[in-house]
1. Report in % the part of the accessible area of the stretch 211-294 that belongs to carbon and sulfur, leaving out ligands and nucleic acids; probe 1.4 Å.
2. Please arrange 241, 504 by accessible surface area, largest first, computed with a 1.4 Å probe and ligands excluded.
3. Return the subset of 310/549; 203/514; 499/591 for which the Cα-Cα distance in this structure is over 28 Å, preserving the input order.
4. Among 355, 482, 229, whose Cα lies farthest out toward the positive end of the dipole of the chain, if unit charges sit on the beta carbon of Lys, Arg (+1) and Asp, Glu (-1)?
5. Suppose all protein chains stay in the model; what accessible area per residue would a 1.4 Å probe give for the stretch 456-603, in Å²?
6. Take the Cα coordinates of the stretch 497-595, assign each an equal point scatterer, and use the Debye formula without solvent to give log10 I(q)/I(0) at q = 0.10, 0.18, 0.19, 0.23 Å⁻¹.
7. Please report the accessible area of residue 447 (heavy atoms, 1.4 Å probe, ligands and nucleic acids excluded) in Å², nearest 10.
8. Grab the other residues whose beta carbon is less than 13 angstrom from that of residue 460, score K and R as +1, D and E as -1, and report the net.
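The values are calculated or read from the model by the stated rules, or taken from the named source; none is laboratory data. It should be emphasised that the depicted structure is a prediction, and the values quoted were computed from it without experimental measurement. All Cβ positions, glycine included, derive from the backbone under ideal geometry; neighbour counts span all protein chains shown. The protein model used for the area step is the full one, side chains on, heavy atoms only, and it has no ligands, DNA or RNA in it. Shrake-Rupley method; radii C 1.70, N 1.55, O 1.52, S 1.80 Å.
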Amino acid sequence: WQALLSSNMEKDSRPNWDNPMQFVMACVSYAVGLGNVWRFPYLCQMHGGGGFLIPYLLMLFLEGLPLFYLELAIGQKMRLGSIGAWTAISPYLGGLGLASVVTSLYLCLYYNIINAWSFWYLFHSFQSVLPWADCPINSNQTGPIEECERATPTQYFFYRETLDISSSIEENGGIHTGQALCLMLAWMITYLFIVRGVKSTGKVVYFTATFPYVVLFIYLIRGVSLHGAINGVKYMFTPKMEQLANPTTWINAATQIFFSLGLGFGSLIAFASYNQYNNNFERQAIVVALINSGTSIFASCVTFAIYGFKATVNYENCLERTRLLLLNTFNLAEDSITIDNTFEWIEKLNTTYPQQFAQLTHKLENCDLESELDTAVEGTGLAFIVYSEAIKNMPLSQLWSVLYFIMLLLLGMGSMLGNVTAIITPLRDFKVISRMSNELFNGLVCLFCLLLGLGFTTTSGNYWFTMFNDYGATFSLLFIVLIEVITVSYIYGIKRFEKDIEDMLGHRPNWYWKIMWAGTSPLLLIALFIFYIINYIQGGTPTYQAWNKELGKSVVTEYPVFGQIFIGLLLVSSVSCVPLTALYVYCRNRKHGLHHKRQRTISTVSA
């Protein structure tokens, strides 16, 4: 490895950020991503509203911050990408950087497809009626398409028009041309953002890091003024404390912090490697981590306001249907029942006409605002189905749609910069590649990812997307970061690490950082790691949500054998880089050792 990597002499010619602000913006743009807008609100909803903030903030200080600091320190000290930095610490650890690169590659493949969907929705927003507002008419012009009637117009638009999804992962159709073109566009823009390395990325991040906040703020004002928004916000800030006894809550809080800060991908090491040697990364680590968590909470307020609006609309529609049913069945005057007194009338009619009422019971819906708010939607479903459903009910829906999808694009693109940098920077440290021009090499990486990513635009592509999303990163990241923190604390040594930091910052890290690195963080990571493995084994056959055309909803389906094998490969492929590289270096050293011994023996004999 040492021979392959560029020498220290070339470190001085390494490009730098124009100023520390650019570095902070790049980290914010990378850390604040789609997860803040859709994963965090979902977790809040699942784990008892505001109560989730307690484990979340605890985990931020117990593992998020210390590990974030650690990665920035390593990048800035070594001035190399992940592979080079870990090789410099110990030649046996080159595989740790390699594992980061492989994980980042998986992320790049599927992350840009979300940006492609955002483009697709954005282009469809410029219409007098949003295409997901109503069901399209069937070919006989007699009524709406059946699949759409069974589902909702927003679900139909996502599953049929956007994904043209097959009924299972085993059925494969061709590539969806519209999606493929959107994916190409997403990769072209990613390429333009990174074409000249840090020089272009540094300019772009000012925009990708700040503009989403403008949109979120506009949305907050819009969201709070919507009818019923207050129900959603109240729901978020009413903690259900019993959730704190549930271990899953803590695990989700820990993994959320972990992903949200982007630990273990090698992006932070890559970004920090372009810093000046004496840059104050300690202050920056704290600022970025706090901005990231603050954004999650802020975005949740917006999401829950819109959630409250959607839930209230659904709840009132349900009451309206009940009202009409009662009016028609009992021939009452039109204005006698209102939405507000429906429940009182139900009781009244039930006592006065018990027989007639008994025949109605199977037709009566159970209208409940709380259960409307409880239905949690995760990930892409929240971003593309729930939000688009809320948007279509707003006045001036086209404007809100365009704003929302531009925001998603900027969040997604900002994170893509970090993901691609995590692949490019470590590879550019190799002599062979450092001879190539930036433009050419970066172009080849983007082209390679685009071609592999086209698989996600086929009809079963969304199921593969889910597989990558569920299994491509979690396990390997926990493993990578665990090895990182053990390496720094016990192989490289905290004392040496302290000296390096003093050399850069002019002061040693205080006791808080040291306790976290040496004890708390590794123990937490080991616990998470064990828990993840137990969960995976106990979970039985891995499942996914398959879209059922006849029912108009998703059904839980088990992965076929080839899917399970592929999941195994995803989990093993990145993690195995660490032991394999160590083994390779060990064997090579032994070979060299024997070779040197032989040479020494020969020279003694000839003497």
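1. 71 percent
2. 241, 504
3. Pairs exceeding 28 Å: 203/514; 499/591.
4. My answer, from the dipole projection, is 482.
5. Solvent-accessible surface per residue comes out at 53 Å².
6. -0.64, -1.02, -1.05, -1.14
7. 90 Å²
8. Net charge in that neighbourhood comes out at -3.
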